[in-house]
Amino acid sequence: MQLLTRKTNYGIKKTCLISFLQCCIIIKGMAQQKQPIDYVNTFLGVDNGGNVLPGPCLPFSLIRLNPVVAKPQPTSGYATGKPIIGFVQTGTSGTGGGGRYGNFAVMAMTGHPHNIEDYSTPIDKETASAGYYSVHLMKSGIGVELTCTEKVGFTRFTFPKGTNPIITINASSVIDLFRNNKNDGQCLEASVKVDPDGVIEGYGKFVGGWGHIQPYRMYFAATFDKRFLSSGTWNDTVISENSKEVKGKQCGAFFRFSENQNTEVMIKVGISVLSVDNAKENLLEQKSVSFKTALERNRQTWNALLSKIRIDGGTENKRVLFYTGLYRTYVMPTDITGENPAWESKEPQFWDSYLIGPHWSKGWIIENNIIRYSTCSGISLGKYGDEWDNTSANSAEGYVETISRALKNGWNSETIGHHIVRKNTISHCEQAGIVGSLGAAFSIITDNIIYDIHVRNLFGGAEMAGIKLHGAIDVNINHNHIYRTCLGLWLDWMAQGTRISCNLFNDNDQDVFVEVGHGPFLMDNNLFLSSSSLWDRSQGGAYVHNLFAGRITNIGVHENSLDNRQTPFMKPHSTEIAGFHNNPNGDDRYYNNLFLTSDLNIYDSVPLPMWMDGNVYLAEAKPSKYEKKPLLESKCDPNFKLVKKTNGFYLEFNRCWGAGEIRKLVTTYMLGKAVIPNLPYENANGLPYSITTDYFGKKRNEKSPSAGPFENLAIGKHMLKVW
């Protein structure tokens, strides 16, 4: 087994070229002397917003053992160089926002339990590999080793000879950023009971973590491999010798062992999300399993999984990066299959804030997955988060500070983003199907089906959407089907160089919301079929060849028409900030669209200029004063109807509008420059736009293209397969 010490420095940029594959890809060749597991560096990415775990786990296991440091804690609970206060059974890897889990910490000390909350200690000799972690507690001289099975954590303490060994179990432990806000972890109640047979059992009721307003319960059962001489409990700061049971918000138990016994003492902790009885059953299954056996099985499991992808060539550092990244993809979410008796599906049941997440990295391919029933998000494309995130009373000012820190910690095209998310089916997630805050920049999101998002209403607040992105710089969102969501697509802050093309939106409360961005961004050839198509709270948007079947709204021309938040605009195709500006309405372009109910005179009094031409206004739709020659077809109601059939979705309608006058082909030159950033509308690679194809990829008549997403339709009834 190859161990990596904490001082190991691979000098690797946080670039993660991982294909999230569901099949086994065998690429021949690998040096026989090293196995894939030997390249995993569990210390890689733990700091600077990475928030991943150095401690042992198994793929998607309920147990994720991890050292936690003194408060205030980062969202993973661990940070290099800080004193350790314990070893928790439920670490969280890669999370942003508020911390979560960090439950049932065990710790060892010598002497007397004078103050249970004051046992933090500096450390040295910290080593780790996949399935194993060890460290030396400098204050007491105790050695600590960790390994685990799927639902049982193994912690082995080695005490110096001639000392009075004490081991504690904190039933109320939880990751606490110590910021005193709603995202901090809290224990609402906890309990510990020492049974006559020496089994320790208990539970905790916790709340906190990003998107987790509702409390959750965890249960545990624990045993030692040595008999303890005596035990006691604590409740807050009150220590009770020989007590066998305690309840409270800050409570736990301690156990004394003979100094004449073997200096090694191991504690096994089984956990459950269902009941104490389940935790006992999980513990009993591992009753005869030794630390050595658990470690060997753990590493065999990891090596078998990682060996499904074998690589040839490349440097040692790149192999470390590859296999560490692959290992991280299997750490979260938590598989609780078997914990829920009501779960009848043959598919596994997961329980976490997101199901797939590259976090603060680059170049993932996430494809061909079925993702559903996440309490929070289906796919998280990365969020820069640290102990200062979400702490400002002014959320806009606070987020500007977050962006500044992100830039100092690698938010750039060389190290972050560039993910490809394609051909996934994502449903029944409560925050978002796909979410990203800064980490999604330069990515491609294509050919996904996203539906039934935030339909269970498990919690309230903002951030809910089929796709919700902050900082969607040079992101391409094309050919996705998004339906039955509270909000189909939400582009919040810094939508610059973004292209939204050939997507199908239907049956959403709102199809698209663009918020406090300055552009340039392009939406072309989309089908917006919901009753509310667009909420425009940005500038610099170009809307070209779309079908708007629903309303368009903006801030309006009343007293709230100016959003005074100072939000950034960037240098071209970069995360580097060029400046800040508030958010007046206007500076949009509407070319060659079909409108069914939209009233575009909402733009007549906006403070920034508008450009409109080539649009067709059907039925109730009304043009703005900015369009000099609108085609008005008030007597034409196409009766657009989306029909679901066994082989897909069809758009049924009557083409009853005329061709109108000659239209111009929309190009970068025609779109000009977005006013505030003074930048042209162009592709992410810097090449100019030319909208020469329609929704289906059919070539347009470049001399006079048709209005709307479909080129050259004949007059009369149509049934077009649109998905």
Residues of the range 213-240 with amide nitrogen under 14 Å from the 7 Å Cα-to-Cβ point of Ser258?
226-230
Hits among aspartates and glutamates - C-alpha to C-alpha of Lys226 under 19 Å, sequence gap 8 or more where chains match:
Glu145, Asp195, Asp197, Glu201, Glu259, Glu264, Glu285
Express the relative contact order of the chain as a whole percentage, based on alpha carbon pairs under 8 Å and six or more residues apart in sequence.
9 percent
Would you mind computing, in nm to one decimal, how far apart the modelled labels at Asn701 and Asn582 are, each placed 7 Å from Cα along Cα→Cβ?
4.6 nm
In what order do Glu414, Glu401 fall by count of nearby beta-carbon atoms within 10 Å, going from fewest to most?
Glu414, Glu401
DSSP-assigned coil residues among GluC sites (Glu not before Pro) in the range 270-349, each with at most 15 further Cβ atoms within 10 Å:
Glu285, Glu344
Provide the FRET efficiency to the nearest 0.05 for the Asp509-Ala70 pair, computing r from the beta carbons and using R0 = 45 Å.
0.50
How big is the charge dipole of the range 439-593 about its Cα centre, in debye rounded to the nearest 20, if each Lys and Arg gets +1 on its Cβ and each Asp and Glu gets -1 on its Cβ?
60 debye
Mind ranking 105-112, 695-702 by how tightly packed they are, going by the mean number of other C-beta atoms within 10 angstrom, highest first?
105-112, 695-702
Modelled label reach - Ser605, point 7 Å along Cα→Cβ, the range 559-591 residues with backbone N closer than 20 Å:
559-564, 583-588
Of Lys468/Lys641; Lys292/Lys318; Lys641/Lys699; Lys139/Lys247; Lys71/Lys249, which ones are farther than 22 Å apart at the Cα?
Lys468/Lys641; Lys292/Lys318; Lys641/Lys699; Lys139/Lys247
Suppose a student asked you for the relative contact order of the range 553-650, using Cα pairs under 8 Å spaced at least 6 residues apart; what percent would you report?
20 percent
Separation of the Gln300 and Asn647 label points, Cα + 7 Å toward Cβ, nm
5.0 nm
Mind checking which aspartates and glutamates have their Cα closer than 12 Å to the Cα of Lys571? Skip sequence neighbours fewer than 8 apart in that chain.
Asp474
Over the chain: helical MRE at 222 nm, DSSP H runs n ≥ 4 each giving -39500 (n - 2.57), nearest 500:
-2500 deg cm²/dmol
Computed about the Cα centre, the charge dipole of the range 40-291 from +1 Lys/Arg and -1 Asp/Glu charges at the Cβ has a magnitude in debye, to the nearest 20, of 200 debye
Least to most buried among Val400, Val174, Val544, by other C-beta atoms within 10 Å and fewest first, runs Val400, Val544, Val174
So for R0 = 41 Å, FRET eff. of Asp124-Ala462 from the Cβ-Cβ r, to 0.05, ends up at 0.40
Out of all DSSP beta bridges with both ends in the chain, state the antiparallel percent to the nearest 5.
55 percent
FRET efficiency for Leu632 and Lys318, using Cβ-Cβ distance with R0 set to 56 Å, rounded to 0.05:
0.35
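Any read-out appearing in this document is the output of simple, stated calculations on the displayed coordinates, not a laboratory observation. Predicted model, so just to flag it, every value in this text is computed and none were measured. Neighbour counts run over all protein chains shown; Cβ positions are idealised from the backbone, glycine included.
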